[in-house]
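Accompanying notes for the structure given below.
The values are calculated or read from the model by the stated rules, or taken from the named source; none is laboratory data. Since the structure is predicted, the reported quantities are computational estimates derived from the model, not experimental observations. Quick reminder, even Gly has a Cβ in these numbers, built from the backbone with ideal geometry, and neighbours come from all protein chains shown.
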Amino acid sequence: MLTVGDVVIIEDGDYVPADIRLFETVNLKVEESGLTGESLAVEKNIDKIDGTVGIGDRKNTVFSSSLVTYGRGKGYVIAIGMETEVGKIAQMINEVQDKQTPLKKKLNSLGKTLALLASIICVIIFLIGISTGKSVLSMLITAISLAVAAIPEGLPAVATIVQAMGVKKLVSKNAIVKKMPAVETLGSATIICSDKTGTLTQNKMTVVDTYVVEKNNEEQFLNTLLLCNNAKIVIKEDGKDKILVTDDGKSYKTKTVIVATGAKPRSLNIPGEAEYVGKGVHYCSTCDGPFYKGLDVAVIGGGNSGVEAALDLSGIAKSVTLIEFMPELKADKVLQEKLAEQPNVKTILNSATVKVNGNEFVESIVYKSRETDEEKTLNVEGMFVEIGLSPRSEVVKDLAETNKIGEIVINPENNSTSVAGIFAAGDVTSIRQKQIIIAMGEGAKAALGAFEYLITKY
């Protein structure tokens with residue numbers, strides 16, 4: 001259980017448990033839409049803030065119930081429970097007294113006015129009757145009868161029925177009404193002021209309609225949208241045309257296809273690896289290496305990517321242990337020579353990493369010698385898997401030619417594949433260099449190749 005003064009470590013994916021004043025951050029970004037209405041993550045730092053500022057401007061503080069979307073941070077607790085900013089809001093909501101709606105106020109006012117008028121009229125009639133010689137009892141009964149008749153007993157029932165009709169109408173438009181008087185209150189509103197995106201929406205963008213300048217290009221436009229989403233696509237040939245089939249069974253016909261699905265890091269597929277992804281297990285030393293400043297880490301893989309990762313981490317981490325499956329490193333000689341110069345890098349050859357151990361985060365890994373089958377435990381706080389990339393070429397499986405590791409084989413002149421009309425670009429292809437800037441250039445080549453194919457074949 002947290003208390004004020006406790007030191008808390010937060011990282012990506014964590015919900016902040018309390019209001020925390022930060023004293024250490026590494027690229028920390030926090031989503032605070034629940035407090036501020038701002039849908040974009042806010043970058044946090046440890047800078048001192050002078051004066052009193054709003055919640056959205058307190059860059060050196062993270063607040064309870066907010067979500068860490070990127071980076072890592074450390075700080076001490078300054079408020080817990082109902083003392084946090086979100087707790088104060090909850091307390092304010094609980095303390096709000098129910099207010100009468102405009103209709104209820106008018107009905108109460110009308111009721112009082114009618115009661116007063118009825119009372120005055122009854123008194124007048126009673127006095128007139130007495131003055132004309134009527135008995136007191138008879139006039140009293142008459143006055144009371146008039147008073148009862150003047151009171152509109154059916155008014156509350158009519159008002160309730162009208163509100164119920166309004167609720168039914170709102171429900172038909174997919175609106176949720178928790179309290180019936182809210183219908184009348186909403187009907188009295190002339191202007192509604194709302195905060196930013198995320199306050200009255202789901203903070204999600206959805207295509208509700210499409211507009212195409214030329215009707216003939218509508219199908220092509222939809223095909224483009226299809227390629228720019230996360231749907232699973234299977235490409236089939238239909239003569240010169242290509243048919244794209246999504247995982248929901250829909251089909252789209254097109255003349256050319258550019259496959260740019262990229263590649264994903266290869267995993268070891270060992271016990272504990274998947275459980276600790278983002279909690280000590282990483283696949284990009286450039287992205288996540290700064291989180292391990294002054295800590296012990298391991299790099300799995302002795303190819304160029306593995307050795308380069310070890311070199312990068314040697315300048316950040318306290319110690320780096322490189323584990324290679326083969327009896328020797330496969331990286332370029334110049335990289336091996338540079339690695340040998342690093343005093344805080346240790347190399348273990350001919351060993352297989354078999355298990356990842358930890359509690360909340362990675363605490364150790366187990367590797368086994370391929371010569372003796374002896375298992376050893378290495379205490380580390382982070383593990384970087386650098387054993388290459390796996391191309392996402394399933395989209396052209398059993399259609400276009402791929403090499404032994406699944407990369408799409410392309411013609412380097414125009415990025416065409418073995419199937420006419422299908423082009424590929426980026427890390428999914430057989431190009432050796434896997435760099436963003438190179439992939440961008442390859443994408444341009446593929447687009448030009450597809451254009452040339454269209455104007456020559458159609």
Discussion item. Here is a list: GLU386, GLU394, GLU401. Which entry is charged (D, E, K, R) and more than 20 Å from ILE243 (Cα to Cα)?
Written reply: GLU386
Practice prompt. Pairs only if they're at least six apart or on different chains, beta carbon under 8 angstrom, first in segment 147-170 and part of a helix (DSSP H, G or I), second β-branched (Val, Ile, Thr) and modelled with pLDDT of 80 or more; list them, first residue then second.
Written response: ALA150/ILE121
Discussion item. Yes or no: segment 248-260 includes at least one residue that is free of Cβ contacts under 8 Å to residues at least 24 places away in the same chain and part of a strand (DSSP E or B).
Written reply: yes
Response to the item:
ASN411 passes all but one of the listed conditions (1) surrounded by fewer than 16 Cβ atoms within 10 Å (Cβ to Cβ); (2) modelled with pLDDT under 90; the exception is number (2)
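Per-residue answers, yes or no, for (1) touching a residue at least 60 places away in the same chain (Cβ under 8 Å); (2) in a strand (DSSP E or B); (3) closer than 18 Å to PRO265 by Cα:
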| residue | (1), (2), (3) |
| --- | --- |
| THR321 | no, yes, no |
| THR353 | yes, yes, yes |
| ASP373 | no, no, no |
| LEU399 | yes, no, no |
Worksheet entry | Cβ pairs under 8 Å, 6+ apart, first in segment 288-301 and in the same structural domain as THR353 (by TED's automatic domain parsing) and farther than 15 Å from VAL345 by Cα, second among the hydrophobic types (A, V, I, L, M, F, W, C) and modelled with pLDDT under 90 | PRO290/VAL26; PHE291/VAL26
Response to the item:
Among (1) assigned to a strand (DSSP E or B); (2) surrounded by fewer than 17 Cβ atoms within 10 Å (Cβ to Cβ); (3) of a type in the set (S, T, N, Q), GLN433 falls short only on (1)
Discussion item. Quick check on my filter: what residues within segment 378-409 are at positive phi and within 33 Å of the chain's Cα centre (by Cα)?
Written reply: GLY388, GLY406
Item to complete: Determine whether LEU140 is under 30 Å from LEU186 (Cβ atoms) and touching a residue at least 12 places away in the same chain (Cβ under 8 Å).
Response: no
Fill in: Criterion violated by LYS104 - all others in (1) surrounded by 13 or more Cβ atoms within 10 Å (Cβ to Cβ); (2) within 30 Å of GLU32 (Cα to Cα); (3) of a type in the set (D, E, K, R) satisfied
(2)
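Working carefully through the options ILE130, ILE176, ILE120, find the one that is surrounded by 14 or more Cβ atoms within 10 Å (Cβ to Cβ) and either free of Cβ contacts under 8 Å to residues at least 24 places away in the same chain or in a loop (DSSP other than H, G, I, E, B) (or both).
Just one listed residue meets the conditions, ILE130.
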Worksheet item: If you scan segment 326-346, which residues turn out to be assigned to a helix (DSSP H, G or I) and among the polar types (S, T, N, Q)?
Response: GLN336
Worksheet item: Does GLU237 satisfy being farther than 19 Å from LEU448 by Cα and either among the hydrophobic types (A, V, I, L, M, F, W, C) or at pLDDT 65 or above (or both)?
Response: no
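Determine which member of the set LEU225, LEU200 is in a helix (DSSP H, G or I), surrounded by 10 or more Cβ atoms within 10 Å (Cβ to Cβ) and modelled with pLDDT under 80.
LEU225
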Fill in: In segment 436-454, residue surrounded by the most Cβ atoms within 10 Å (Cβ to Cβ) [restricted to those that are out of contact with any helix residue (DSSP H, G or I) (no Cβ under 8 Å at 6 or more places or on another chain) and not aliphatic (A, V, I, L, M)]
GLY449
Worksheet item: Of all residues in segment 342-388, which are of a type in the set (A, V, I, L, M, F, W, C), surrounded by 15 or more Cβ atoms within 10 Å (Cβ to Cβ) and more than 22 Å from PRO290 (Cα to Cα)?
Response: ILE348, LEU349, ALA352, VAL366
